[in-house]
Amino acid sequence: MPLIHFCRLSRSVQDRASRATPAPGASTRVGSAVAILAAFLASDRAAIAQSDCFVADPAISVGARPLSLASSDLDGDGDLDLVTANYDGHDVSVLLQQASGAFSPPVSYVLGFRATSVATGDLDGDGRPDLAVTQENNNSVRVLLNQGNGTFTLGASSATGASPEGVAAGDLDADGDLDLVVANYSGNSISVLLNLGNGTFATQVAYAAGFGPVFIAIADLDGDVDPDVLVGNAAGGSMQMLRNAGNGSFAAAVPNIAFGDQWCLAISDLDGDGDADVAGAGYGQDHVPVFLNHGDGTFATAVTYPTGVGPRWVAAEDLDGDGDMDLATAN
């Protein structure tokens with residue numbers, strides 16, 4: 001039975017974090033983002049390494065072969081809920097968090113196609129987080145609209161490039177609604193889909209993006225306020241950045257930043273200088289490369305840090321409550 005595993009911070013670490021003085025703008029809630037480390041489980045079992053910092057909760061059953069996981073307050077009760085994209089199940093699983101911190105049994109929403117990635121965000125402008133799910137064998141991204149209580153109805157499906165693997169949501173054209181960008185593995189491209197304001201999208205605009213793009217993220221990387229796009233290429237062994245012109249159109253990808261297969265990228269200010277830095281994870285390497293931003297969207301030579309075998313996912317979060325962003329990997 002496919003499972004996801006959830007690790008929470010131990011009480012001792014939570015107590016230390018609660019006593020720490022947070023950095024300006026930092027969240028005072030510690031540990032909620034740790035759930036992301038359960039993502040990218042491609043088998044039916046996962047081993048949980050325990051230390052004095054984390055304790056493992058019981059595993060949670062979801063659909064078959066979950067490849068991606070996202071967290072958001074889906075039912076509006078103030079708690080973070082979970083959703084997984086299930087490749088072999090051709091569906092997504094929604095798990096609502098209860099007041100106790102436990103999760104309700106998953107509710108499945110059948111898509112009919114292989115689900116490879118899921119992103120959350122208010123796509124139709126009603127203030128509720130919706131879902132966007134890439135469908136690999138249909139070359140499309142499907143929207144699921146939130147009914148306000150954490151239940152969903154199927155929304156529009158939009159064409160993408162070949163074999164969409166990753167999806168991210170952000171306001172790319174500065175019109176106040178969330179747009180989508182998709183990484184197309186076989187198409188060696190990304191698809192930009194601008195929101196029409198109601199959860200439906202304009203026809204995709206494709207941009208070349210290296211070989212085998214699988215992961216995509218949105219952030220202002222060059223300091224001009226406009227959200228740029230960062231792509232992790234699995235087959236090309238690189239990451240690439242596409243600069244936003246300010247209206248949701250993008251310049252050609254900057255020259256490859258080569259450093260092994262990048263299955264996942266985490267964007268955060270890792271050195272405290274106000275710029276968006278990048279940490280990567282590649283399945284064929286036993287370390288994470290950290291690229292520090294010069295402030296203009298160019299990056300210093302990577303510094304590597306050892307991890308477990310085959311890191312597939314990386315997340316950045318202030319895990320010890322000291323105001324600095326830490327890194328954790330799923331291997």
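The values are calculated or read from the model by the stated rules, or taken from the named source; none is laboratory data. Quick caveat: nothing in here was measured; it's all calculated off a predicted structure. Backbone-built Cβ (ideal geometry, glycine too); neighbour counts: all protein chains shown. Just the protein is used for accessible areas: all its heavy atoms, side chains included, with ligands, DNA and RNA removed. Shrake-Rupley method; radii C 1.70, N 1.55, O 1.52, S 1.80 Å.
Taking a probe of 1.4 Å, how large is the accessible area per residue of the range 221-276, in Å²? Numbers along the way, then the final one.
On the way: 2060 Å² over 56 residues.
For the range 221-276, the solvent-accessible area averages 37 Å² per residue.
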Task: Rounded Å value of the spacing that divides the Cα centres of the range 219-249 and the range 274-297 - done: 13 Å
TODO: Would you mind checking which residues have amide H under 5 Å from D269's amide H? H placed 1.01 Å from N; only 5 or more apart, or other chain.
DONE: D277
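Excluding L145 itself, what net charge comes from residues whose Cβ is under 15 Å from its Cβ, given Lys and Arg +1 and Asp and Glu -1?
-4
Using unit Cβ charges (K, R positive; D, E negative) and no other charged atoms, how large, in debye to the nearest 20, is the dipole of the range 96-172 about its Cα centre? List each step's numbers first, then the result.
Details: 3 positive and 7 negative charges, 49 e Å.
Roughly 240 debye, rounded to the nearest 20.
Within a Cβ distance under 13 Å of A70, other residues only, what is the Lys/Arg minus Asp/Glu net charge? Before the final figure, lay out each step's value.
Values: positive: none; negative: D73, D81, D130.
Around A70, the surrounding residues sum to -3.
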Task: Charged-residue dipole, Cβ positions (Lys, Arg, Asp, Glu), the range 177-331 about Cα centre, Debye nearest 20 - done: 960 debye
- [ ] State the dimensionless ratio Rg/Rh of the range 116-258 (Rg: radius of gyration of Cα atoms; Rh: Kirkwood radius).
- [x] 0.96
TODO: Measure out, as a whole number of angstrom, how far apart the alpha-carbon centroids of the range 112-128 and the range 138-198 sit.
DONE: 7 Å
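For Cα pairs less than 8 Å apart in space and 6+ apart in sequence, what is the mean separation divided by the residue count of the range 58-184, i.e. the relative contact order in percent?
Values: 349 pairs, mean separation 23.0, N = 127.
That works out to 18 percent.
Give me the net charge for the shell around L154: Cβ to Cβ below 15 angstrom, other residues only, Lys and Arg +1, Asp and Glu -1. Walk me through the numbers before you get to the answer.
Numbers: positive: R142; negative: D91, D124, D130.
With Lys, Arg at +1 and Asp, Glu at -1, the neighbours total -2.
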